[in-house]
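Down below is the structure, laid out as structure tokens.
The values are calculated or read from the model by the stated rules, or taken from the named source; none is laboratory data. Quantities reported herein were computed from a predicted structural model and do not represent experimental measurements. Note that we place each Cβ from the backbone using ideal geometry, even for glycine, and neighbour counts take in every protein chain shown. These area figures cover heavy atoms from the full protein model, side chains too; ligands, DNA and RNA do not enter into them. Shrake-Rupley method; radii C 1.70, N 1.55, O 1.52, S 1.80 Å.
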Amino acid sequence: MNKQLQCGRFSFELEGPEARRAVVMGILNVTPDSFSDGGRYQGLEFAFGHAEDMLKQGATMIDIGGESTRPGAPSVPVEEELRRVMPALYALKTLDVALSVDTCKPQVMREALIAGADMINDINGFRAPGALEAVLDSDCGLCLMHMQATPATMQQAPQYSDVVAEVIAFLRTRVDQMTAFGIERSRICIDPGFGFGKTVEHNYALLRGLQRIRDELYLPVLAGMSRKSMIGAVTGRPLEARMAGSVGAALAAVAQGAKIVRVHDVAETADALKVWQAATDPHAFSGATGM
Ligand code: 7PM
């Protein structure tokens, strides 16, 4: 594995003592339905406050998303996605946190990189025409995610004969295409895409197989399970009551070698990870307390 994951202004250690710590990526939605009311300025104020909170709570990365990827959701025009993402990106640049932009659109990628985004997170795996060109001449991190079918159709009837093997094969092919295109391997992290064209059984097979995915591709793994239906299926709880289940999933992912966990509940996940790390690594607990 590379020694570091290169993410624009930041670089995350993958070897040595620093590497034992997993990175918490906080989710920041800038879709209108996530604002407390109408009004773009109000939305921006809210987003900035939420980002500040997440930073205080232990987020090292913030993932800004302006396109809802809800199964069956209509896609957002590029101008509208830019109007949502760019003000948040510029506002958050003052914070000491790596900024990721969740987008599939090459034009949004280009604009985001000009504004200084540290990572592009593409649930479509940079498959849109022009996506690789958009990110080539930069040093931003790239999250390469697996998805079967498209957000509109992916949950209709997901099918695999061996989900872990098929996700590995897809990611391997894309990593090879990206590096053949001239993209440095040190910029890439991989993500099995929990919930993106997967049944609950597929999702748990992937969670159990995370270590194998990392070992076969030898790249840092990002896991995003926060509040997803795989958590609801096991706990029987609705969206708003899936925090503890999601924390459990994040710990399981890190135990399987995940480097980055993408979560809504940053404070709780960061605390759980600290305790889990102290319990598994004799060097993790320095004796510093917040009390
Ligand atoms: C509706 C349905 C809204 C699903 C939002 C979602 C991932 C991601 C998302 C992930 C990476 C959510 C998803 N999920 N990016 N973006 N990995 N890299 O639940 O698992 O947040 S959107």
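Tabulated values for the structure
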item: Residue within segment 41-58 that is closer than 22 Å to residue 191 by Cα, open to solvent by 50 Å² or more (accessible area, probe 1.4 Å) and under 16 Å from the mean Cα position of the chain (by Cα) present; result: no
item: Selection status of residue 205, among the hydrophobic types (A, V, I, L, M, F, W, C), more than 14 Å from the ligand (Cβ to nearest atom), more than 26 Å from residue 245 (Cβ to Cβ) and more than 18 Å from the chain's Cα centre (by Cα); result: no
item: Residue, farthest from residue 168 (Cα to Cα), within segment 219-236, restricted to residues that are open to solvent by 10 Å² or more (accessible area, probe 1.4 Å) and either of a type in the set (S, T, N, Q) or away from the ligand (no atom under 13 Å from the Cβ) (or both); result: 236
item: Matching residues in segment 237-254 - criterion: being among the charged types (D, E, K, R) and either open to solvent by less than 10 Å² (accessible area, probe 1.4 Å) or within 13 Å of the ligand (Cβ to nearest atom) (or both); result: 242
item: Any hit, segment 174-187, residues being free of Cβ contacts under 8 Å to residues at least 24 places away in the same chain, of a type in the set (A, V, I, L, M) and more than 14 Å from the ligand (Cβ to nearest atom); result: yes
item: Condition met for residue 149 (open to solvent by 50 Å² or more (accessible area, probe 1.4 Å) and at positive phi); result: yes
item: When residues of segment 97-122 are limited to those that are acidic (Asp, Glu) and under 18 Å from the mean Cα position of the chain (by Cα), the one most open to solvent (accessible area, probe 1.4 Å); result: 102
